[in-house]
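Data block below; observations after.
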Amino acid sequence: MNGRRWIRLGLVGGPAKEVSVCHARRAIRHRSARMSTIADKRFILVTGKGGVGKTTVCAALALACAARGKRVLVAMCNSKEGLSTLLGSNPIGPEVALAVENVWAVNMHPERAIEEYGTLVLHSRILYRTLFDNRYVRAFLRAIPGMQSWSMLGKAWWHTTETLADGSRRFDVVILDAPATGHGLDMVRVPRTILDVVPPGILRRDAERAWSLLTDPEATLVVLVTLAEDMPITETIELAAGLADIGLPAGRLVVNAILPPLFSVEEREALEALQIPASDDVGDAVLLSARSRAIRERNQADCLKRLASQLSQPTSYLPLVMDELGQVEVIRQLAHRLA
C-alpha cells in the first residue's frame, strides 16, 4: 500500500472521485469562495433525515455568518436542546437569548409561539389571554391542521422582519433548525396551504409575506443535510423532489461526517478480496479491521456517486471529526469550512 494521502472529494455537478490532499485543499478553497453568499441570506432553512447532524450544521452556519459580522438567530422547533453544548453557551429555552458573540438562539414551543403571534396581532397580551387562554380554545387551536407548524415557521419568519429602535434589523440572518424530512416538508407547505384556503385577513397576509420570503432565492437558502449512507441519501433525494414540487427548491446540500479514505480504489478491492481466517493472530486482526474500513469507504463512495448523479445542487462535504479539543472547537472547525 502506498503512502500517498488521499481523500474523497465530491465535485459540484459531477461524480465524486479520489484526489490527493493538495488538490483537495485547492478545491476546498474554491468551494469556500462560492459559499461566501450564505452570510448574505436573510433566512436559512436547514432540514434532513433525523440523526444526520442538522443542529451541528446550524451551529456551524451560525458561527460562519457571525464571523463575518452578521447578527444571527438560530431558531429550533421544540427540539431536544443540544445547541448550547455545540456553542458552549447557557441552556437555550423559549426566550430569545444571546448564546455567543453575534449569535442568539431560541427553542420555540408551538403554544408559546401562538401566544406571541396572537399578542402581536391583538396588540395586547391581556386581550389575547382574555380571548384565548382557556382549555377549549387551546384544544381548538391544536386541532387546526398545520397551526403548530405555522406557529413556529411564522415566528422564525417574523424574526426576519424584526427591527431595533433605530429601524435597523435585529437579526441579519435567521437560521431555522427545521423538523426532519417529512415533517420539515409539511412545515414549509403550510404558508402555501393558508394562501389556498384562508380568506383575506391578517393570517393570510402574513402567510403571503412568509411565502414570498421562502420562495425568494436571493433572500432564502434551503439546506439539506445528509450522511453518505443509503437511507439518508434516499430520503434526501425524495425531500429535494418534494421541495421542488412546491416551488421551494433546495439551494445547497451538506454531506456530514465524511470518513476520510485511507485506501485507494485498488487497495480497497485488494482488501475486500482477501480470505482472512478467523484466528487470534494479531496480523489477521489488523487485516480484518482494514478490510472492514475498505468496505465502509466503498459504501461511502457509492453513496456519494449516487447523490451526485441524482442532485445537482452545490454541495459541501464536512469531515467526520474526532477531536480531543471538544465539541465547541469542532464546530468552529466546521464553521471555518463553511465560511
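None of the figures in this text is laboratory data; all of them are computed from the coordinates on show. Please read all numbers here as calculations on a predicted model, not as lab measurements. Please note: Cβ atoms are built from the backbone with ideal geometry, for glycine as well, and neighbour counts cover all protein chains shown.
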Anisotropy class of the stretch 250-339 from Cα gyration tensor, a/c 1.5 cut: oblate
Rounded to the nearest 20 debye, dipole of the stretch 44-96 from Cβ charges on Lys, Arg, Asp, Glu: 220 debye
Set of aspartates and glutamates with alpha-carbon distance to Lys70 below 14 Å, sequence-local pairs under 8 removed: Asp40, Glu101, Asp172
Cα-Cα P(r), the stretch 72-120, percent of pairs per 10 Å interval: 27, 53, 19, 1
Selection from Leu259, Ala301, Val222, by position along the positive dipole direction of the stretch 212-339 (Cβ): Val222
Distance between modelled label sites at Glu111 and Gln333, nm, 7 Å Cα→Cβ extension: 4.3 nm
Cα-centre dipole for the stretch 158-286 with unit charges at Cβ (Lys and Arg positive, Asp and Glu negative), debye to 20: 1120 debye
Test item: Cα-centred dipole of the stretch 245-339, Lys/Arg +1 and Asp/Glu -1 on Cβ, debye: 540 debye
Gyration tensor verdict on the stretch 161-213 (Cα atoms; rounded if a/c is under 1.5, prolate if a/b is larger than b/c, oblate otherwise): oblate
Relative exposure of His336, His159, judged by other C-beta atoms within 10 Å (fewest first): His336, His159
Full-stretch length increase - Thr85, Asp196 - with 0.36 nm per residue and alpha-carbon distance subtracted: 35.9 nm
